[in-house]
Amino acid sequence: MKKFLLPLIAIALFVMQGYSQDVFVKGDKVLNLSVGLGSGLYKGSGYGSKIPAIAASYEACVKDELFDANSALGIGGYVGYTGAKYNFGSGYGWKYSDIIIGARGAVHYQFIDKLDTYGGLMLGYDIVSSKSYGTGVFSGSATGSGFLLDIFVGGRYYFSDQFAGLVEIGSGISYLNIGVAIKL
């Protein structure tokens, strides 16, 4: 089975290369805006409300044809935010927030026309805080910030020369991000 599968994959990749147009080349600058699903903040019981995870990243292509005509290297920045509020009745509860700021690098490879797939690393700083509000038995605040290393994979499908939909999986502000990308 392997004897037939490997040549078939190689032929398919070769054929797809012939039909693809470059979607991420040196000089390109892309702004990604996304909403995340599956962040680290737990909603808890029915007493909580969660702020959706949102993220923005900027990326510039610094090297195209990294390995071959379909590959590129991009670098940029990232910022993400999510929060939650838990009300335990009588105007008492907790507010949580999580902000990530980081620098990212990604290797891009275009397998098919209009689809820019990539994977990379982010080195960032995670700012986590919680604070009580109202008059209750417990009051106070806490922070737990620190450096993080994130691995991510994603893809952008271009509907036009400047506009794409994106999906990204990783452990930034959320585990799954869905949004749009705009070439500047």
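The values are calculated or read from the model by the stated rules, or taken from the named source; none is laboratory data. Only a predicted model underlies this, so the values are computations on that prediction, with no experimental measurement involved. Cβ: placed from backbone, ideal geometry, glycine included. Neighbour counts: every protein chain shown. Note: accessible area is taken over every heavy atom of the protein model, side chains too, but ligands, DNA and RNA are not part of it. Shrake-Rupley method; radii C 1.70, N 1.55, O 1.52, S 1.80 Å.
Rounded to the nearest 20 debye, the dipole size of segment 91-183 about its Cα centre is 220 debye, using +1 on the Cβ of Lys and Arg and -1 on the Cβ of Asp and Glu. Among the protein heavy atoms of segment 65-184, carbon and sulfur supply 67% of the accessible surface, probe 1.4 Å, non-protein parts ignored. Placing pseudo-labels 7 Å out from each Cα toward the beta carbon at VAL107 and ILE127 gives an inter-label distance of 3.3 nm.
By the rule of a C-alpha distance below 19 Å, with chain neighbours fewer than 8 residues away ignored, the aspartates and glutamates paired with LYS26 are GLU59, ASP64, GLU65, ASP68, ASP113, ASP116, ASP161. The heavy atoms of LEU184 present about 130 square angstrom of accessible area, all protein chains included, probe 1.4 Å.
For segment 54-184, the equivalent ellipsoid built from the Cα gyration tensor has semi-axes of 38, 15, 10 Å, listed from largest to smallest.
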